[in-house]
Amino acid sequence: MYQTMKINNWILEVNTEETKKQYLKEWDLCDCLYCHNFYQATKSLAEAELQFFKQFGINPSKCNHISHFDSQENGLHLYIGCYHIVGKVSAETITIDGAIKIGNSLTACFSNDLEFVPDGFTKPVLQIDFELELPWVL
Ligand SMILES: [Zn+2]
């Protein structure tokens, strides 16, 4: 079932149940050390960040496209990547600073422009582009 969500400047039509099912499918995930750190570290996200993903049915530990940047002054590692949701952006108000900040470590924005969608993901697909700071946990 689709529901309408308004998040900052975006109006989204999302299907949380269907999205959850996509994250239960087998995906080709990168096997490098940086990605393994991401999969592990996202298992203990702070509450605000975790709730952000959960509301869409996303499993944050499952991400098939992530770029890693070396640790920052604060000792955290910056990851940039995208998640996908079954749904679409139905309206968007463009502002200068479009991205939203969630908790202390996550920045995200929504788009109908797609890349790196996992094989077999149910359409229509909406993309979240994110930046996330994580500790090294391995
Ligand atoms: Zn990797």
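Here are the numbers for the structure shown:
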quantity: Index of the failed condition, residue 61 passing every other in (1) outside any strand (DSSP E or B); (2) farther than 24 Å from residue 2 by Cβ; (3) open to solvent by 30 Å² or more (accessible area, probe 1.4 Å); calculated: (3)
quantity: The lone exception for residue 17 - which of (1) surrounded by fewer than 16 Cβ atoms within 10 Å (Cβ to Cβ); (2) assigned to a strand (DSSP E or B); (3) at pLDDT 95 or above it fails; calculated: (2)
quantity: Those residues of region 91-104 which are exposed (fewer than 14 other Cβ atoms within 10 Å of the Cβ) and at pLDDT 90 or above, in sequence order; calculated: 101, 104
quantity: Residue among 29, 76, 45 that alone is crowded, with 16+ Cβ neighbours inside 10 Å and under 24 Å from residue 122 (Cα atoms); calculated: 29
quantity: Every residue from region 105-116 that is under 20 Å from residue 86 (Cα atoms) and either over 12 Å from the mean Cα position of the chain (by Cα) or exposed (fewer than 13 other Cβ atoms within 10 Å of the Cβ) (or both); calculated: 112, 113, 114, 115, 116
quantity: Filter pass, residue 107 being touching a strand residue (DSSP E or B) at 6+ places or on another chain (Cβ under 6 Å), away from the ligand (no atom under 16 Å from the Cβ) and among the polar types (S, T, N, Q); calculated: yes
quantity: Any hit, region 40-51, residues being without any contact (Cβ under 8 Å) to a residue 12 or more places away in the chain and within 16 Å of the ligand (Cβ to nearest atom); calculated: no
quantity: Verdict on residue 54 being surrounded by fewer than 16 Cβ atoms within 10 Å (Cβ to Cβ), under 18 Å from residue 21 (Cα atoms) and either within 12 Å of the chain's Cα centre (by Cα) or modelled with pLDDT under 95 (or both); calculated: yes
quantity: Qualifying strands (runs of 3 or more DSSP E) (wholly inside region 81-138; at least 1 residues being polar (S, T, N, Q)); calculated: 106-111, 125-134
quantity: Top-ranked residue in region 57-90 [being at pLDDT 95 or above and of a type in the set (Gly, Ala, Ser); ranked as nearest to residue 11 (Cα to Cα)]; calculated: 87
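The values are calculated or read from the model by the stated rules, or taken from the named source; none is laboratory data. These figures come from a predicted structure and were not determined experimentally. Cβ sites come from the backbone with ideal geometry, for glycine too, and all protein chains shown count toward neighbours. We work out accessible area using only protein heavy atoms, side chains counted, and drop any ligands, DNA or RNA first. Shrake-Rupley method; radii C 1.70, N 1.55, O 1.52, S 1.80 Å.
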